[in-house]
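> Dropping a structure here in structure tokens format, bear with me for questions.
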Amino acid sequence: MIKKTCTDIREKFSDYIDELLPEQEMADLEMHMKKCPACKKDLESFNKTVQVLKNLPRYTAHPNIIVRINNRIEKNKRWWQRFNPKVLKGTFGVITAVILCVFGLQLYNGTNVVDILRVKEAAKTSQENGAAKNEKTLKSEVQQKKRKSAAPKAQTATTERKAITAGTAETEREEKRKTETEEKKAEDKITVNKVQIAGEFTVGKTDAAEQLRQTSQPLEKELKLEYTAKASSSPVDRLSPLESAYEQKGLYCKNSVVENIVIKDEKSFEKLWAKCFSEMAKPFIDFKNEIIVVIFLGEQAESPKDIILQGIISEKDKIKVKYSLKSILNTDTSGKILSPYYIKAVKKLSIPVEFIKE
Amino acid sequence: MVFEQDSDLLKGLKAGKQHYFNQLVFKYKDKIYNTAYRYLADYQEAQDITQECFVSVHKNIRKFREESSLSTWIFTITVNLCKNKLKSAEHRNHEKTLSIIEKALDVKDDRGNPAAFVEKKEFETRIQAELERLPVDMKEAVILRDIEQLSYEEISKILNIDLGTVKSRLHRARLQLHDALKGVI
């Protein structure tokens, strides 16, 4: 057994007091204490010091400290942390649900916010373009149209030759006269109406050609005008006598009823559009300044006909929408039943609209 | 007052229930205040540290990974706050708010005998003064072991040192206090 010196023993005082010494070392220390009174006295004094520390008075926090702590926590909170988390979660949930519902409805109705905006922008720009055209450009366009109206003349020449071969010289002359008069009528119509947009020319041209075809019945097969739903249903920028820009016609729509409608507000227009043209983007119409006239021919199962707008005339007490029907020949309908329609924006006037079928 | 177990308190705290936080404050406020007071020997600063400690607990309770017990974590926060306060110039230039009146209000003692009370106060002031003379690492070992009576393992975790270091620091601190207080005790 190694003899423990007093210094070594003193190093074990803390462990001895805290009862952390192994049994053997504890016994050794107690043995040493019996032999060494100085160490024993020192240990007693050391123990007293530790006991004094353990029995020092305990201080208590201010009774109001809980309020102060909670006030500090409240002050340190950021603005969103001050709301009740349950209320906050609920609010976010409701907002998300509303947004989802709106987009869901749009998807269900086949409309799209982006498409609507694009159509609105396109309508605005077309209106601006229409207004920007001045009289100078008007004249040049009319001249161009006159030049291009020579094309139908050429067509009529070919028809003449074919008619000669058929041996009907007299009827040829009559037809020639008729075509000439029709040409003049078409030209007059163009000049009177002061048509401004290039697209209008194509419409005018087809109108003239159609009229020619009607007058020359035997040559109908040669004058094939192919209608397709996509081509005919595209919007046409055209200024009517009442100075409105929007016009659209087509052979297919979802309305199977024969009816003529005048629309004066956005809501009715939306309803009509959803009912009849849900597959297409709805155009923007300024109902403060314009109204819409719509002609539906209904389902054309046998001998289908198309609408030809003859003109929109503003009289003292009414607006007259004159239109006629023409037969559609050799049209590829791909098995679909035709439901021709004609939509036209007209300048808003506080007089009734009358549809006249010629 | 009967308090919930620390594990139950912790669940309530993590769920953000105010009632559990109030319970936690009531359970630990005096321990934290006493520890802070022994560290800083200043009534007002000990109050501030106690408040800061609980604000920090409230803020960081969701980050607490339960690698130690809740009480160990709270003591770790307190010790760190006290150490930072001791290092700050604010503390060094601070005039101590250690009036006898304030202490008399706080200390639970026998105020029936004024002479004994004053004597006791003087004795305690002497011990506190000797505590303050100790280096911080030794002082905190004494405060946590002898005054707060925490286990060596808890002290080891709070101070982030091994058990042997805790023992040696504590023994040296006790020896120094014993030598310094020989004439008094």
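The values are calculated or read from the model by the stated rules, or taken from the named source; none is laboratory data. What you see is a predicted model; the values in this text were computed from it and never measured. Heads up, the Cβs are rebuilt from the backbone with ideal geometry, glycines too, and the neighbour counts pull from every protein chain shown.
> Could you pull out the residue among A:K77, A:K41 that is among the charged types (D, E, K, R) and within 29 Å of B:K139 (Cα to Cα)?
Checking each option against the conditions leaves just A:K41.
> Find all pairs meeting these conditions: Cβ atoms under 7 angstrom apart; at least six residues apart or on different chains; first residue within region B:114-129 and free of Cβ contacts under 8 Å to residues at least 12 places away in the same chain; second residue outside any helix (DSSP H, G or I).
The qualifying pairs are B:A116/B:D110; B:K120/B:D109; B:E124/A:L56; B:E124/A:P57.
> Continuing with this model, one more query. Give me a count of the residues in region B:47-68 that are within 15 Å of B:K14 (Cβ to Cβ) and either in a helix (DSSP H, G or I) or in contact (Cβ under 8 Å) with a residue 60 or more places away in the chain (or both).
7
> Sort through B:L159, B:L177 and tell me the only one that's touching an Asp or Glu at 6+ places or on another chain (Cβ under 9 Å), surrounded by 15 or more Cβ atoms within 10 Å (Cβ to Cβ) and within 8 Å of chain A (Cβ to nearest Cβ).
Unique residue meeting the criteria: B:L177.
> Here is a follow-up. Among the residues of region B:72-92 satisfying the criterion of being surrounded by 20 or more Cβ atoms within 10 Å (Cβ to Cβ) and touching a Leu at 6+ places or on another chain (Cβ under 9 Å), which is nearest to A:V67 (Cα to Cα)?
Applying the filter and picking the extreme gives B:I74.
> Across region A:319-349, what is the total count of residues that are modelled with pLDDT of 85 or more and in a loop (DSSP other than H, G, I, E, B)?
Residues that pass the stated criteria total 2.
> Next up: Those residues that are on the phi < 0 side of the Ramachandran plot and of a type outside the set (V, I, T), I need them from region A:288-302; list them, please.
Passing the criteria: A:K288, A:N289, A:E290, A:F296, A:L297, A:E299, A:Q300, A:A301, A:E302.
> Let me ask another. Looking only at region A:35-57, filter to residues that are more than 17 Å from A:S14 (Cβ to Cβ) and facing chain B (nearest Cβ under 7 Å); which one of those is surrounded by the most Cβ atoms within 10 Å (Cβ to Cβ)?
A:L56
> Among the numbered criteria (1) within 14 Å of chain A (Cβ to nearest Cβ); (2) farther than 18 Å from A:T60 by Cα; (3) at pLDDT 90 or above; (4) surrounded by fewer than 20 Cβ atoms within 10 Å (Cβ to Cβ), which single criterion is violated by B:S69?
Result: B:S69 fails condition (1) only.
> Just name the residue that is surrounded by the most Cβ atoms within 10 Å (Cβ to Cβ) out of those in region B:1-54 that are of a type in the set (G, A, S) and out of contact with any Ser or Thr (no Cβ under 7 Å at 6 or more places or on another chain).
B:A46
> Oh, and also: Mind checking which residues of region B:121-137 are assigned to a helix (DSSP H, G or I), more than 14 Å from the chain's Cα centre (by Cα) and not acidic (D, E)?
B:K121, B:F123, B:T125, B:R126, B:I127, B:A129, B:R133
> Cβ-Cβ below 6 Å, separation at least six or inter-chain, first residue in region A:8-28 and within 11 Å of another protein chain (Cβ to nearest Cβ), second in a loop (DSSP other than H, G, I, E, B) and surrounded by 15 or more Cβ atoms within 10 Å (Cβ to Cβ): which pairs?
Note: pairs meeting the criteria are A:D15/A:L21.
> Of all the residues that make up region A:257-308, how many are surrounded by fewer than 14 Cβ atoms within 10 Å (Cβ to Cβ) and either assigned to a loop (DSSP other than H, G, I, E, B) or small (G, A, S) (or both)?
Matching residues across region A:257-308 total 10.
So that you can scan it fast, the table gives a plain yes or no per residue for (1) surrounded by fewer than 18 Cβ atoms within 10 Å (Cβ to Cβ); (2) among the β-branched types (V, I, T); (3) assigned to a loop (DSSP other than H, G, I, E, B); (4) out of contact with any Leu (no Cβ under 8 Å at 6 or more places or on another chain):
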| site | (1), (2), (3), (4) |
| --- | --- |
| A:D15 | yes, no, no, no |
| A:E25 | yes, no, no, yes |
| A:D28 | no, no, no, yes |
| A:A61 | no, no, yes, yes |
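> Could you tell me whether B:L13 is over 13 Å from B:K85 (Cβ atoms), more than 19 Å from the chain's Cα centre (by Cα) and in a helix (DSSP H, G or I)?
yes
> Please determine, by comparing only the residues of region B:29-66 that are over 18 Å from B:E154 (Cβ atoms) and among the charged types (D, E, K, R), which one is farthest from the other protein chains (Cβ to nearest Cβ).
B:K63
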